[in-house]
Amino acid sequence: MTMKEVKLFGIKDLRIVESPIPIIEPDEILVRVRACGICPTEIRKFTTPNYKPIPFPVNPGHEWTGDIVEVGSKVEDFKVGSRIVAEGEGGYAEFAKITASNLKYTQQLPDNVSYEEGTFVEPLADCLHAVRERAKVIAGDKVVVVGAGPMGLSIIAVAARSGGNVMAIEPVKIRRNFAHEFGAEVVIDPNSDSIENSVLAWTNGRRADVCLATVGIPHVIESCIKLVGERGRVVLFGGGGAGQTINIDPNWIHYKEISVIGSEWIGVGGKEEKDLYRIATEWISEGKISVNQLISHRFPMNEIHNAYKLIMSGQAMKVILQMNKQ
């Protein structure tokens, strides 16, 4: 038996192919995919060499939901017919399996959470990790978020709900409007205003406690380091292509005791905060973050190239691929 799926064979080489339906091991489950969000990371891997070499071809979809259609004999906590949000790549397909190592992240979708809303669980968990575990935002912190795309807006919402006072930096008007709705008290257009002067005015000359860079552009990262004051934390949330470098003044970091911190997924090195998947699911179910507002476009899988083209044009917010639509 076969299925349709999308695979990335190399830079700018994305193809719709016919593949065997995955065969599961006793400790795995098979899922009929219903929806998969397109992540900015997938666009970056499509356009530029990745920091970690990619074993092409690969199905890069990792923000996906669906229905369990087969359960391995050693799996106890899931059953056929359950609606779930998955972890792991493979979501650009009609069927995908969840491996034993990824089952611990898999969440049951609450009845009031749609398949499309469920695709936000993984990215929201990443944002929770960035704000809570890496930036360590507490009540009263002045937090600058650079970039108000879907991930930046989620970071704004998490930071505001954590007690931070948030300033958003975003050049696109519609995203600036969203930033206010998601909890930013000040929103700056970097094409019109001096970011550094705006931060100085907002903090009475003290500069911010935290700056989260949601885009992996070197000159943006360089500017972020000057936005925080003494013992400020700069969190690099957005990854970039292979071989990027930044220029920094080490004295600024040394004399102000600034920390420059990475944030990858929900943690690395065996310290993954898997409970963040549960928290993200609960937040979406309880309406603490309105992810539906972020969906701007929906495409069937056979229009994946149009979806990528739209995202790269900068005219979309969150794009959802619809598979096996009911």
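The values are calculated or read from the model by the stated rules, or taken from the named source; none is laboratory data. A quick note: this is a predicted structure, and the numbers were derived from the prediction, not measured. Using ideal geometry, Cβ is built from the backbone for each residue, glycine included, and neighbour counts are taken over all protein chains shown. Protein only, heavy atoms only, side chains kept; ligands, DNA and RNA dropped before computing areas. Shrake-Rupley method; radii C 1.70, N 1.55, O 1.52, S 1.80 Å.
Under unit Cβ charges (Lys, Arg +1; Asp, Glu -1), what dipole magnitude, rounded to 20 debye, does the range 135-262 have relative to its Cα centre?
On the way: 12 positive and 12 negative charges, 42 e Å.
The calculated dipole for the range 135-262 is roughly 200 debye.
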In square angstrom, rounded to the nearest 10, how much accessible surface does THR41 have for a 1.4 Å probe? 40 Å²
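I'd like the FRET efficiency for GLU286 and LEU200, computed as 1/(1 + (r/R0)^6) with the beta carbon distance as r and R0 of 56 Å, rounded to 0.05.
Plugging the Cβ-Cβ distance into 1/(1 + (r/R0)^6) gives 0.90.
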Relative counts (whole %) of C-alpha pair distances in the range 135-262, using bins that are 5 Å wide: 2, 12, 23, 25, 22, 11, 4, 1
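Net charge near ILE261: determine it from the other residues with C-beta under 12 Å of the C-beta of ILE261, scoring Lys and Arg +1 and Asp and Glu -1.
Working: positive: ARG134, LYS136, ARG233; negative: GLU133, GLU264.
Every neighbour counted, the sum reads +1.
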Those lysines that a straight Cα-Cα span of less than 20 Å connects to LYS256, excepting residues fewer than 8 apart in one chain: LYS136, LYS142, LYS226
At 1.4 Å probe radius, can you tell me the per residue accessible area of the range 135-262 in Å²? 45 Å²
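For the range 275-323, what does the equivalent ellipsoid look like in terms of its semi-axes, each the square root of 5 times an eigenvalue of the Cα gyration tensor, given largest first in whole Å?
Details: eigenvalues 136, 30, 16 Å².
Equivalent-ellipsoid dimensions as semi-axes: 26, 12, 9 Å.
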Net length gained if the chain between GLU76 and LYS52 were fully extended (0.36 nm per residue, minus Cα distance): 5.2 nm
For LYS97, go through the aspartates and glutamates and keep the ones whose alpha-carbon is under 12 Å away, minus same-chain ones fewer than eight residues off. GLU25, ASP27, GLU28, ASP67, GLU70, GLU87, GLU89
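Just need the relative contact order of the range 135-262 here, percent rounded to a whole number, with Cα pairs under 8 Å and 6+ apart. Provide the component values of the computation, followed by the final result.
Working: 258 pairs, mean separation 28.7, N = 128.
That works out to 22 percent.
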Looking at the chain as a GNM with Cα springs under 10 Å, which of ILE11, ILE188, ILE29 has the largest mean-square fluctuation? ILE11
The computed P(r) of the chain puts the percent of Cα pairs beyond 35 Å at 21 percent
Taking a label point 7 Å from the Cα of ALA139 along Cα-to-Cβ, the residues of the range 263-289 whose backbone nitrogen sits under 14 Å from it are none
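With the full set of protein chains in place, find how many percent of the accessible area of the chain is carbon and sulfur; take the probe as 1.4 Å. Don't jump to the answer; show the numbers that get you there.
Details: 7290 of 14870 Å².
Whole-percent figure for carbon plus sulfur exposure: 49.
Could you work out the relative contact order of the chain, using alpha carbon pairs under 8 angstrom and six or more residues apart, expressed as a whole percent?
With pairs under 8 Å counted, the relative contact order is 18 percent.
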Expressed in whole Å with the largest first, what are the equivalent ellipsoid semi-axes of the range 46-180 derived from the C-alpha gyration tensor as the square root of 5 times each eigenvalue? 32, 19, 14
Any lysines with Cα under 23 Å of the LYS104 Cα? List them, leaving off those in the same chain fewer than 8 positions away. LYS74, LYS79, LYS271, LYS274
So, by mean Cβ neighbours within 10 angstrom, what's the order for 51-62, 276-287 with the highest one leading? 276-287, 51-62
Two pseudo-spin positions, 7 Å from Cα along C-beta at TRP265 and at PHE9, lie apart in nanometres by 2.8 nm
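Please give the contour-minus-distance gain from ASP27 to ASP189: 0.36 nm per residue of separation, less the Cα-Cα distance, rounded to one decimal in nm.
Numbers: separation 162, 0.36 × 162 = 58.32 nm, distance 5.01 nm.
Here the segment from ASP27 to ASP189 would lengthen by 53.3 nm.
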